[in-house]
Every structure is written in C-alpha cells, then in structure tokens.
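Novice: The following block contains the structure, expressed as structure tokens.
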Amino acid sequence: MATKVRERLLLLIVGLAMMLSLSGDLTLYAVLPIYAPTLGLGLGQVGILLSANRLVRLLGNPLAGMLMDNWGRRRLFLWGVGLGAMSTLSYAVSSRFWHFLLGRLLWGLCWSLIYVGAYSMMADVTAPDNRGQGSGVLQAFFFVGMAANPLLGGIMVDWLGFRSAFIVCALTAALGFVIAYWTVPETLPGGDAHSLGAERARSRLRIARWPRRWHPSLVIRWLALRTDIVAAALLYVLSAFAGDGIVMSTISLYVKRQYGDTISLNGLVLPVALVGGSLLALRALVSAAAALVSGRLSDRGGSRWLTTGCGGAIGVAGMALLTLERSPTLLAASVAMVALSGGVLGAVLPALVADQAATEQRGAVMGGLMSAGAFGSFVGPFMGYSLLAVVSLKQVYLISALAMAVVLVISGLLLMIQAQSSRPRL
C-alpha cells in the first residue's frame, strides 16, 4: 500500500513539474503574435519561432529516451526542467530574432527530456493493471497546463509587460525544478545515480555499444515483432495530425468564417477571439478529464485497444459534426468530442506502448512514440492551411475525420487479433 502511495505521489510531482515548466512556452504562444511588432519581429519570424521547438523534438525525443535508458531518468529530467527555466528566462532578455530562436531550440531539447522522462518514469513505477491510470495522470497535468498557462500568462503580460511576465514564468518553472530536485528519485531499475560506479557509468557511455543494440537491421527486426508498438505509434501520429494538428489549429478560423467577428449566444454578443480561446480552454479541460477516466478504464477493461477504438469513434463523430452547419452550442459539443478523443488516445496509447516495451528499452520506445506525436502535430497545421488554398475548411475537417476513422479501423483489427490469439485452441 505504501508503495502505491509513493508511486502516485511521484506521478503527481512529476506532472506538476511538467505543468510548471510549460508556463513560458504556452505564454509565448498566446502573446508573441501580438507583441511581435514591439519586439522587432515579423509574422514570418513568429511562425519560425513557434515551430522551431517542435522540429527539434522530432530527433530530440528518441535521443532523450536512449540516453535515459543508459544514464537514468532523474538527472536528465532535472536537466530538462532546469534548462527549461533558463530558456524561459531568455525570452525576457532577448532583443533579436536569433536570441529568441536559440531559446526556442533549447526549449525543444528541454521538453524532450521533460516529456520523455516523465513517461519513462511512469512506465517504470507502474504495472499493467495501473499503467493507464498513471499515463492519464500525466496527461491531465499536461492539459490543465494547456488551459491555465496561456490564460494566466496573457494576464501577466498585460499587467506586468512582456519581459517582466517572462521573468515570473521562469521563476515558476524554477519552482518546478526545486520541487523535483528534492523529491523525484531515480526510477530506472539499477540506475540509481548514487550507486552507479564510475566504471559502470563509463561502460554506459561507450558508443560502440549503441550500434550493436540499435543497428538499423536490428531495429527493423525488433519492430516487426512488436505490432502493437508500431500500430500505437501510427495511431499517435494520426491522432495528433487530426486533433491537435488540424482541428485545434483552425478552430478560431472556423468560428470567424462561420459567424463573423461576433457570435450572439442567448442575446449575449461575444467577440470571435474570445470564443476561439474559450473553445481551446474547453478542449484542454475536457481532455484532462478524459485522460484520467479513460486511463483507468483501460486498466480494468481487459484490452487497451478497446478503449483506443472508443476514442477513435468519438473523434470521427466530433470531426464529422464540424463539417455540418450548426449552432454555437453544437459547435462546442463537437469540439468537446474531439477533445474527449484526444484525451483518451493521449492516455491509453503511451500505456499500451509501455506494456510492450522491455525495461531497458522503455525510454527509447517512449521517445519514439513522442516523436510520432510531434510529427503529427507539426504536419497537421502545415497541411491543413495548405489545403485551404484548394478546398473548403469543412473538407479539411472531413480529411481529419477520415484519419480518425483509420484509428478506429486499426484498433478494431488489433482487438480482433488479440481476441483470436487469446482464444484457447481445441
């Protein structure tokens, strides 16, 4: 019982540190397009700055995971949180585009260490009967941060000014570092930083060991034997592409095109920017709740693929509704359904992958999964806005619905295969 309490406390602390670390990044997303002229930045430069960290994570996530499998989780997680606070502070002192860009590149590396480290530790301290719940806890902290940080950061920028607000954000992230430093233990089996001798540490650093374990032909053979992991990574790409990548990046544009500059709701006239921001906040809160509930259900339901399929079905329905004319109330309902789907898949797929990964490979496997999600989130907005030159926004949402339909189909196939393999032979 005491062990379970310690595991839950660890997940709460790691989730809190992760959420506090996001304060600078999410505040920058909220305010940089507005303050760009006063900072001497063009809109093209703003786009580069807001996407640069995602490009870094494509390679940074699996690299972070491989390093954590060799060096342990704690120290690299702490490096991520600590340097993440420094990257946030750099926004307060940057005066040129290149200064901001270096800070964003640093943040991309830091977030790889934080996010992959958090999920690797979750995989270490949980078992198949509670791993979905652990993944859901981390996702809940992530989505609560997505809802709260842009709002609070925007208020601080309006109140204190751009640079002073980011000093506060850096102090907030530093608080996460202090909490994690004094409370987060090493979770990699046999990887306690205080017990690793110098010789063992040197042996883990030998580059010659990596090609033997991660030679391309061996990786291909390893993946071929792990259908669940490959399928989960593909579904993670599709979910991030359709939900985070397309729907959530275009929802404010959809509202403006559908209703104009204002929306009348029961006699109350609301500006479209407020409505778009409210929908994104709704998305984050619904996803947080969905992650907690679905993770727990996947632990008890006997198959995570069943829960994954339900998440895919909800996503198809929500995105299909976006292709129809509707009232503002139904618009909010469809966004909530998309958010519900994202919360389910975001909690269950990491747990599913962790179930299949060997202990000594969990970091690398989790890093690969996170890179799959980063790829989908990066490609989605680019492809969605590019398609708007030739098709309507509703047709783009139809493409998103089709992507989620693939999630549903693959989940159903894997569930059938799983049921067939578990059936006793006569």
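The values are calculated or read from the model by the stated rules, or taken from the named source; none is laboratory data. Please read these numbers as outputs of a predicted model, since none were measured by experiment. Backbone-built Cβ (ideal geometry, glycine too); neighbour counts: all protein chains shown.
Novice: If only one of 377, 392 is closer than 23 Å to residue 294 by Cβ and modelled with pLDDT under 90, which one is it?
Specialist: Numbers: 392 fails: closer than 23 Å to residue 294 by Cβ.
Just one listed residue meets the conditions, 377.
Novice: Still on this structure, please answer the following. Would you list the helices (runs of 4 or more DSSP H) that sit entirely within the stretch 1-98 and hold 3 or more residues that are buried (at least 18 other Cβ atoms within 10 Å of the Cβ) and modelled with pLDDT of 95 or more? Walk me through it before giving the result.
Specialist: Working: elements: 2-21, 23-35, 43-71, 74-93.
It comes to 2-21, 74-93.
Novice: So which of 337, 383 is closer than 17 Å to residue 244 by Cα, surrounded by fewer than 24 Cβ atoms within 10 Å (Cβ to Cβ) and at pLDDT below 85? Give the derivation first.
Specialist: On the way: 337 fails: at pLDDT below 85.
From the options 337, 383, the qualifying one is 383.
Novice: Another question, if that's okay. (1) of a type in the set (Phe, Trp, Tyr); (2) in contact with a Ser or Thr (Cβ under 8 Å, 6 or more places away or on another chain); (3) crowded, with 18+ Cβ neighbours inside 10 Å: which one isn't true of residue 375, the others all being true?
Specialist: The failed condition is (2).
Novice: Could you give me the residue pairs with C-beta distances under 8 Å whose first residue belongs to the stretch 383-395 and is among the aromatic types (Phe, Trp, Tyr), whose second residue is part of a helix (DSSP H, G or I) wherever it lies, and which are 6+ apart or on separate chains?
Specialist: 385/249; 385/250
Novice: Select, from 389, 320, the only residue that is part of a helix (DSSP H, G or I) and either small (Gly, Ala, Ser) or within 16 Å of the chain's Cα centre (by Cα) (or both).
Specialist: Numbers: 389 fails: part of a helix (DSSP H, G or I).
Within the list 389, 320, the selection yields 320.
Novice: Within the stretch 39-47, identify whether any single residue is within 20 Å of residue 104 (Cα to Cα), without any contact (Cβ under 8 Å) to a residue 40 or more places away in the chain and under 21 Å from the mean Cα position of the chain (by Cα), and answer yes or no. If you could, list the steps in order and put the result at the bottom.
Specialist: First, the residues of the stretch 39-47 that are within 20 Å of residue 104 (Cα to Cα): 39-47.
Cutting the leftovers down to without any contact (Cβ under 8 Å) to a residue 40 or more places away in the chain gives us 42-44, 46-47.
Filter once more, so that each one left must be under 21 Å from the mean Cα position of the chain (by Cα): 47.
Within the stretch 39-47, one or more residues are within 20 Å of residue 104 (Cα to Cα), without any contact (Cβ under 8 Å) to a residue 40 or more places away in the chain and under 21 Å from the mean Cα position of the chain (by Cα).
Novice: While we're on this one: Quick check, is residue 365 under 17 Å from residue 290 (Cβ atoms) and either out of contact with any strand residue (DSSP E or B) (no Cβ under 6 Å at 6 or more places or on another chain) or assigned by TED's automatic domain parsing to the domain that holds residue 257 (or both)?
Specialist: Numbers: under 17 Å from residue 290 (Cβ atoms): no; either out of contact with any strand residue (DSSP E or B) (no Cβ under 6 Å at 6 or more places or on another chain) or assigned by TED's automatic domain parsing to the domain that holds residue 257 (or both): yes.
So residue 365 does not fit the description; no.
Novice: Being assigned to a helix (DSSP H, G or I), touching a Lys or Arg at 6+ places or on another chain (Cβ under 8 Å) and either under 16 Å from residue 130 (Cα atoms) or at pLDDT below 90 (or both): is that true of residue 331 here? Walk me through it before giving the result.
Specialist: Numbers: assigned to a helix (DSSP H, G or I): yes; touching a Lys or Arg at 6+ places or on another chain (Cβ under 8 Å): no; either under 16 Å from residue 130 (Cα atoms) or at pLDDT below 90 (or both): yes.
In short, no.
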